[in-house]
């Protein structure tokens, strides 16, 4: 009997954890052919991209090679970008890979028995004039690296001579969600380290960060106590917080708000709102207004029982009229449920519904602090934590992801290497 083929498109947190489980259990035993498709050659955990953007995290050290990981975990890897889906033929097309005008890898067609879409999300600029042209986005390692290089070049202006006392470097961050807030704190950390290494003459108190949020509160999806605590900590660092402030235009050196104010900036970052990639609305599957694919609570597309969706690009029902939030912990949980449901589907057994269990939220403010809440079991009450305990739990989230894709022993070795690198390498990527 022909073994089934499971194709997973998207090697983010959920997608990579899923193919790892499937490869170890089914791929190694030749019970199924597992294929991962991603446009990039390497994986890095998306919640850490703000650290890549400031150089605190070296993407070259922390990225995972899909090709190498595939060999070790019983699945195969195809690099490419999904461009078309033929549900009748159970096939998908990958766009050619180009290097400038040269075609490196031609377009290809892959056949599947079961397809999983785990493509994630991108920032939503809501069509704001100038946003695409003048803002940095942090949706991919390439974009994070682009911001880091632009940031270093901007700091270099102040390397050779002593800056005037009133000299400032101004960064405007549009969107006060987790990414925007964590980036703001990391910028002050990075500025201090760049000064200590002699990379720039500017000191941390000469950095000015505008954090611009259209809603009336920071982290509106989280308990008010967390938003208030985060706001106080950011203001103590020097961040200027603009609430109830909608951005109407971004210029080369300024951010324009709805009340006509122009905030002059050296760098602008857009981190407000998310949506699934636009091309998902062109695959012939039912989607919401933000391009998220509609699925049953089994994570199956409502249009095709052989197509599953997980992570930020899935609109999965939850509770009365709600949906699962687009968060990393949701993708982690969905990967586990989808692994079980795929095996059940292949065996002709009933699949189980996915239920999201909120374990709380944590916000890292570089080395300055960490703040968040932990959910107390199944009750709606939560435990507010901050300081060293919160930082420990925040770091453990990444270690849990590493454990899912590497196993316990290798993750332990990685932790040891990370600690050694603190002494062997600069604390900031300077090139």
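The values are calculated or read from the model by the stated rules, or taken from the named source; none is laboratory data. In this text the structure is predicted, and so the values were computed from the model without any measurement. FYI the Cβ positions are ideal-geometry reconstructions off the backbone, even for glycines, and counts take in every protein chain you see.
So the values come out like this:
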item: Which listed residue is touching a residue at least 24 places away in the same chain (Cβ under 8 Å) and closer than 20 Å to residue 368 by Cβ, from 274, 174, 212, 241; result: 241
item: Number of positions in the range 74-93 that are under 30 Å from residue 410 (Cβ atoms) and over 23 Å from the mean Cα position of the chain (by Cα); result: 3
item: Number of positions in the range 314-329 that are closer than 19 Å to residue 45 by Cβ and out of contact with any strand residue (DSSP E or B) (no Cβ under 9 Å at 6 or more places or on another chain); result: 1
item: Given (1) surrounded by fewer than 19 Cβ atoms within 10 Å (Cβ to Cβ); (2) not in a strand (DSSP E or B), index of the condition residue 208 fails; result: (2)
item: Residue in the range 216-230 that is touching a residue at least 12 places away in the same chain (Cβ under 8 Å), surrounded by 23 or more Cβ atoms within 10 Å (Cβ to Cβ) and either assigned to a loop (DSSP other than H, G, I, E, B) or more than 22 Å from the chain's Cα centre (by Cα) (or both) present; result: yes
item: Check on residue 330, surrounded by 15 or more Cβ atoms within 10 Å (Cβ to Cβ), modelled with pLDDT of 80 or more, in the same structural domain as residue 307 (by TED's automatic domain parsing) and within 17 Å of residue 221 (Cβ to Cβ); result: yes
item: Single condition residue 51 does not satisfy, out of (1) surrounded by fewer than 21 Cβ atoms within 10 Å (Cβ to Cβ); (2) closer than 23 Å to residue 417 by Cα; result: (1)
item: Whichever residue in the range 1-48 is out of contact with any strand residue (DSSP E or B) (no Cβ under 7 Å at 6 or more places or on another chain) and under 15 Å from residue 346 (Cβ atoms) and, among such residues, is surrounded by the most Cβ atoms within 10 Å (Cβ to Cβ); result: 21
item: In the range 96-116, the residues that are assigned to a strand (DSSP E or B), surrounded by fewer than 16 Cβ atoms within 10 Å (Cβ to Cβ) and free of Cβ contacts under 8 Å to residues at least 24 places away in the same chain; result: 98, 99, 102, 103, 104, 109
item: Residues located in the range 386-406, provided they are farther than 18 Å from residue 329 by Cα and surrounded by 15 or more Cβ atoms within 10 Å (Cβ to Cβ); result: 386
item: Positions within the range 71-95 being without any contact (Cβ under 8 Å) to a residue 12 or more places away in the chain and part of a loop (DSSP other than H, G, I, E, B), in sequence order; result: 88
